[in-house]
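These notes are about the structure you will find just below.
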Amino acid sequence: MTQKVDISLRVPGTMPIPELMPLIQDIEAAGFYGAGILDSQLLCRDVFVTMGAAAAQTSQLTLFPAVTNPFSRHSSVLASAMQTVEELAPGRIKCIIGTGYTSASTIGRKPGTLAQMRNTIRTMKALLSGQSVDFQGTPGRLGFAAGRDLPVLMAASGPKAIELAGEVADGVLLLVGFTPEIIQAVTECLDRGAKRSGRRAEDLEVIWAVRTATASTTAEARRQARPTAVHWGVLGWSNHWLQTAGPTLPAFDISSAVWDIYPDLSHAQDWDAAIEATAFVPDETIATLCDALGLIGTPDYCAERIIAMTNAGVNKLYIMPLQTFVGPQQEIAAFRNTVFPRLQAAGYQ
């Protein structure tokens, strides 16, 4: 029996838009379901300009900001931008909104709060459906709301955020790690939030974000993944679910070189310097983190891992290549030439 798995790819808009458009067309031609465009105002080109250009240059690819936030644009501006882009690609646009990690850190402010997330999602959904919203005593509505379904999903990693996504959003983008144990625990958390709105996790669009590195050997893929693995597992960024996966990490004295990486270890402009800054973490710890984090290995290994994870209920993936300032050409080739053919041979489409 044919099974379905939708795989989207992260696209950092750190190169000029004329160079991005052929890349996005290559993503569509390779067989990806969608493309998520990074939204970080000092690192990338404007996400909605990029999405508009991509909508005009593709015919089937689903497009979404990955992810926008509740503070760099007013909720009415977000709704207007999303509806405008959707006019170029009806039925192919969705919004994913998170707390705005690098959007906040690069301008010296804190990420958005869960209260902001709740308010922004509810406001956007109301405006996009054509309803009137009260803006501090002034009623306002989106005059050109199309009435078509334009999903608003929430990016989440911690338990409270995941429960909120289950309660108020149309779905969730989960960056939590990628093991059967993590998937079970996170799904239970999502279900608790969904029940507060009379729903179930099964009623939501659930996308699993997985950090990805493909190479000719597993050792090289793990070496490339060092900055991301250390940022996630050792520095404690979004590693709440790591203990669910089983490994207990030793304590480390964090190298001062880590804090000198701009804008941070996981989004480093100088990836070689970021790899070097993580030398204080032994290879065996990196291997443990990579196995829990995502798809880190050869293309064949990544295909096998995806097939195995569908048995745990995963049918939507958001592939996040490691680097922000290097395009995902390596992953496009790996999935086009190896991963997708392996999935198709195993009965997936």
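What to note about this one:
- Proxy reagent accessibility, fewest Cβ within 10 Å first, across 28, 181: 181, 28
- P(r) weight above 15 Å for region 77-118, C-alpha pairs, percent: 55 percent
- When the chain is described by a simple charge dipole with +1 on each Lys and Arg Cβ and -1 on each Asp and Glu Cβ, the residue from 317, 15, 233 located farthest towards its positive end is 317.
- Hull volume in cubic angstrom per residue (convex hull over the Cα atoms of region 1-134): 122 Å³
- One compactness figure for region 51-204 is 1.06, namely its Cα radius of gyration divided by 2.2 N^0.38 Å.
- Annotation: region 266-349 has a Kirkwood hydrodynamic radius of 14.5 angstrom, from the mean reciprocal C-alpha pair distance.
- Taking a point 7 Å out from the Cα of residue 149 in the direction of its Cβ, the residues of region 308-326 whose backbone N falls within less than 19 Å of it are 315-317.
- Mean ellipticity per residue at 222 nm, deg cm²/dmol - from DSSP H runs of n ≥ 4 across the chain, formula -39500 (n - 2.57): -11500 deg cm²/dmol
- If you wrap the Cα atoms of region 215-284 in a convex hull and average its projected area over all directions, you get 5.0 nm².
- Euclidean distance of C-alpha centroids, region 163-210 and region 136-160, integer Å: 19 Å
- Per-residue extension of 0.36 nm, minus the Cα-Cα distance of residue 253 and residue 269, leaves a gain of 3.4 nm for this segment.
- Mean projected area (nm²) of the alpha-carbon convex hull when the chain is viewed from all directions: 17.1 nm²
- Distance from the C-alpha centroid of region 274-349 to that of region 2-70: 19 Å, rounded to the whole angstrom.
- Label-to-label distance for residue 283 and residue 115 is 5.0 nm, based on points extended 7 Å past Cα in the beta-carbon direction.
- Taking the Cα centre of the chain as reference, the dipole from Cβ charges on Lys and Arg (+1) and Asp and Glu (-1) amounts to some 980 debye.
- Using C-alpha pairs under 8 Å with a sequence gap of at least 6, the mean separation divided by the residue count of region 251-349 gives a relative contact order of 27 percent.
- FRET efficiency, 1/(1 + (r/R0)^6) with R0 25 Å, evaluated for residue 345 and residue 29 via beta carbons: 0.80
- Rounded tilt (10° steps) of 299-310 against the dominant C-alpha axis of the chain: 60 degrees
- Shape metrics for region 152-285, restricted to C-alpha atoms - Rg then Dmax, Å: 16.7, 49
- Among beta bridges that DSSP assigns inside the chain, antiparallel share in %, nearest 5: 10 percent
- Take the Cα of residue 326, step 7 Å toward its Cβ, do the same at residue 129, and the gap between the two points is 4.5 nm.
- With contacts taken as Cα pairs under 8 Å and at least 6 residues apart, the chain reaches a relative contact order of 18 percent.
- Computed over the alpha-carbon pairs of region 245-291, the distance histogram in 5 Å steps reads 4, 21, 26, 23, 18, 7, 1 percent, short to long.
- Spin-label pair residue 5-residue 192: with each label point 7 Å from Cα along the Cα-Cβ axis, the two points sit 2.9 nm from one another.
Computed from the coordinates by the stated procedures, all read-outs in this text should not be read as laboratory data. Please read all numbers here as calculations on a predicted model, not as lab measurements. When we count neighbours, we look across all protein chains shown, and the Cβ atoms used for this are built from the backbone with ideal geometry, even at glycine.
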